[in-house]
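Undergrad: Structure below; questions to follow.
The values are calculated or read from the model by the stated rules, or taken from the named source; none is laboratory data. Here the structure is a predicted model, which is why all the values come from computation and not from measurement. Using ideal geometry, Cβ is built from the backbone for each residue, glycine included, and neighbour counts are taken over all protein chains shown.
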Amino acid sequence: MMDNLGAIFGPLFALGRVAWLGVQWAIGLSVIPGLLAAAAIVYAIRKTPKPTSRDKVPLKIGVKPVLTGDLGRLLSAVAAFEVGNVAATLLILRASDLLAPGHGTKTATTIALGLYTVYNVAATIASVPAGRLSDRLGTRGPVIVMAAGVGAFALSYGLFTIDAAAFAFLAVPFVLAGIGIGAVETAQHSAVAALAPKDLRGSAFGMLATVQSLGNLAASTIAGILWTAVSPTAAFTYLTAWMAIALAALLFSAARARGRQRLPERHTPGQPLLWDPEFAP
């Protein structure tokens, strides 16, 4: 949530810079916060006390166990999502391209940054109820919340395939994408933690980070190629297809988990049968 709040004020500040100084100066000045962040990290590293002793723990990386069972199915769904999860800059570029003919480049960029702010507001608002719903639904909760977020992304990308330059129309896919990222980012790590055994959680989160990074690289690369070689509509059609695949995989994973939760325990002879309303017809 704090990341999303920072992402709200950043575009608002950028809007002011673009309106005052223009696009090139606004981009150039954005280097300053990056340098300040790097300086802060270096300062924090130097001030961190060094440990006096260190336990020797053997490094074990479990790949095969992570890619099997419920956790493997979840990571496959995450991989499908990440292959279609491009950076939000592509959304901004799409809005700018659609708005430029009627408003000019500078005004179109300003409006697109405003829409990006709307995207981050939607992500911030969606993240809190998404987290609560994820907790209330038990083990399947994070997967269900992720599926809802991926569904929002699929609708958003589908709308971006349409060549419509109206501000009110463009705001809808930005809001949907914001809701999608707010739900997915909230539930993704919770889903992995819920399905990974304790002794494999480190390997599971490492695999998750690998899938995320490689998937994002593939998404941006292929979508960029399609955008340049064919059209923006082709790029967003490609991304929408991957979101549909990821949604189907997540729904299948949630259904499998629900089926196992509803299986009654084997009855031991001599033990009284207990009635559970959850398993009642």
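Undergrad: When you scan the stretch 118-133, how many residues do you find that are within 14 Å of VAL172 (Cα to Cα) and crowded, with 20+ Cβ neighbours inside 10 Å?
TA: 4
Undergrad: Given the criterion modelled with pLDDT under 60 and either surrounded by fewer than 11 Cβ atoms within 10 Å (Cβ to Cβ) or basic (Lys, Arg) (or both), identify the matching residue among VAL57, VAL42.
TA: After applying the criteria, what remains is VAL57.
Undergrad: Evaluate the following for ALA194: is it buried (at least 20 other Cβ atoms within 10 Å of the Cβ), touching a helix residue (DSSP H, G or I) at 6+ places or on another chain (Cβ under 6 Å) and either more than 18 Å from ALA79 (Cα to Cα) or in contact (Cβ under 8 Å) with a residue 12 or more places away in the chain (or both)?
TA: no
Undergrad: Next question, about the same structure. Just give me the residues in the stretch 159-174 being in contact with a Leu (Cβ under 9 Å, 6 or more places away or on another chain) and assigned to a helix (DSSP H, G or I), in sequence order.
TA: Hits for the stretch 159-174 are LEU159, PHE160, PHE167, PHE169, LEU170, ALA171, VAL172, PRO173, PHE174.
Undergrad: In the stretch 79-94, which residue that is free of Cβ contacts under 8 Å to residues at least 60 places away in the same chain and of a type in the set (Val, Ile, Thr) is nearest to ALA218 (Cα to Cα)?
TA: THR89
Undergrad: Still on this structure, please answer the following. Is there a residue being surrounded by fewer than 24 Cβ atoms within 10 Å (Cβ to Cβ), touching a helix residue (DSSP H, G or I) at 6+ places or on another chain (Cβ under 7 Å), closer than 16 Å to ALA88 by Cβ and free of Cβ contacts under 8 Å to residues at least 24 places away in the same chain anywhere in the stretch 156-164?
TA: Yes; the residues of the stretch 156-164 include at least one that is surrounded by fewer than 24 Cβ atoms within 10 Å (Cβ to Cβ), touching a helix residue (DSSP H, G or I) at 6+ places or on another chain (Cβ under 7 Å), closer than 16 Å to ALA88 by Cβ and free of Cβ contacts under 8 Å to residues at least 24 places away in the same chain.
Undergrad: Of everything in the stretch 245-281, what is modelled with pLDDT of 85 or more, surrounded by fewer than 18 Cβ atoms within 10 Å (Cβ to Cβ) and either small (Gly, Ala, Ser) or not in a helix (DSSP H, G or I) (or both)? Give them in sequence order.
TA: ALA248
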